[in-house]
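Down below is the structure, laid out as structure tokens.
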């Protein structure tokens, strides 16, 4: 292993494309959402709280985005049996709540998106619409 | 005084318009920025960290947005003589750093925008461009 | 009881030996890990996040190291029945997740090591390899 | 601007090389140090607290590393006139204290190193020795 490796990062153009598509999908569903996008180290790239969305869903949407960016898989992959324990051990950052998806393009993990305020299915739907906008 | 009063709130369409215009202006200036929009209670409505912006400017941009939303005036209005003391007493939420503007429409305070990562003049320029997008 | 007692402390040479051995073992397993070493007061002595490790595992690895250093026994010794309650009462610092081992040499508790990002067995394996490097 | 850009990341081999070289230099100087390495989003990659180093220097070393990674320049580049204000607005994350250097290789910003516990000159010296180990 060398000291440095090649990788890729999501530009703000990519982030804005995700945000716009996710908001459009949430509007189409008639379900206002909190949407958060983080980079592969978990630092926030963008977020939006739609009119009528629960403001505390900002926090759960962030946890979903963090979990997906950290693990590289959907939040629902966290086994039921350990959710409480891992949640506690990570200040609530690791969550098994639906609505967190990794952002993966050409096999490279770029970060995560977390959506919260709707039902689990709606949250996943909106997150997926965001990813589709950049072909992820 | 009655128990309840009429007011106005910034919708996510308004927030997105501000964000898009601010990003466009920052791109035109060639200065990547962190841009944060908060509502009149200081809760974050949206934010974006542009590619190449300093990630710690997320924190100062938030402080700028909070200060402007809380006071209803530009951050630079905080008197020099009290900046350190007010900053200490508010966990750093009140700041006199340039780049925080209140969002006021038809005389109603809707929230604040904070911009950071450029020079003070650039931060104010980008924040102003954001507000102009909604006629504020 | 006298006012003062003899004790021992882990030097940074000891800490580096643990870290190097743990990293080598994780590489051999092909499982990148977050590894944290704390002293007997729970203050961090060293940590490393290996390339490809989950960044949120830094938090759970810290909790594991803290728990082991505080109790003097392996994290899995925390009874299942109280894990949630103790986790809540300690801000998540006490955890029963596998991968936390006390650092004990010649019967003296020197601190704890916590490893996270792999399976429970892998985490314990890597932590043990770290301890073996100093004969603990 | 495309949705994704090429970049590079520091591997744990690179991080360990930095840590080992920095520790060796601090030993040569006879000044124990706290040394922190963060990635380009400010997430900790590694840290070590040497025997005899001030434990609170972990915090200032982290701030130094964060500042250098965020700005891409040495911490001492933060203008004296704004240090208090930017420090307050960023929860102390931005600091002008000497001992924080950006990690730049082939023109790519990979993160930052922060060193604290010695004099300003010693801190810079040890940080520089760390960077030299990977040719940065």
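The numbers here are math on the coordinates, done by the rules we state, and not lab data. These figures come from a predicted structure and were not determined experimentally. So basically every Cβ, Gly included, is an ideal-geometry build from the backbone, and we count neighbours across all protein chains shown.
Only a single criterion out of (1) under 19 Å from residue B:41 (Cα atoms); (2) under 14 Å from the mean Cα position of the chain (by Cα); (3) away from chain D (no Cβ under 14 Å) is not satisfied by residue B:77, namely (1). Considering B:61, B:53, the condition of being buried (at least 18 other Cβ atoms within 10 Å of the Cβ), in contact (Cβ under 8 Å) with a residue 40 or more places away in the chain and in a loop (DSSP other than H, G, I, E, B) is satisfied by B:53 alone. Looking across segment A:1-34, the residues that are in contact with a helix residue (DSSP H, G or I) (Cβ under 8 Å, 6 or more places away or on another chain), without any contact (Cβ under 8 Å) to a residue 60 or more places away in the chain and more than 7 Å from chain D (Cβ to nearest Cβ) come down to A:12, A:16, A:23.
In the set D:68, D:127, D:133, which member is surrounded by fewer than 24 Cβ atoms within 10 Å (Cβ to Cβ), touching a residue at least 40 places away in the same chain (Cβ under 8 Å) and under 17 Å from residue D:45 (Cβ atoms)?
D:133
Among the residues of segment C:91-136, those that are over 28 Å from residue A:81 (Cα atoms) and either part of a loop (DSSP other than H, G, I, E, B) or within 12 Å of chain A (Cβ to nearest Cβ) (or both) comprise C:106, C:107, C:133, C:134, C:135, C:136. Scanning segment D:69-90 for residues that are part of a helix (DSSP H, G or I) and over 12 Å from residue B:59 (Cβ atoms) yields D:69, D:71, D:75, D:76, D:77, D:80, D:81, D:82, D:83, D:84, D:85. Look at (1) without any contact (Cβ under 8 Å) to a residue 60 or more places away in the chain; (2) more than 14 Å from chain A (Cβ to nearest Cβ); (3) surrounded by fewer than 24 Cβ atoms within 10 Å (Cβ to Cβ) and you find that residue D:88 fails only one, number (3).
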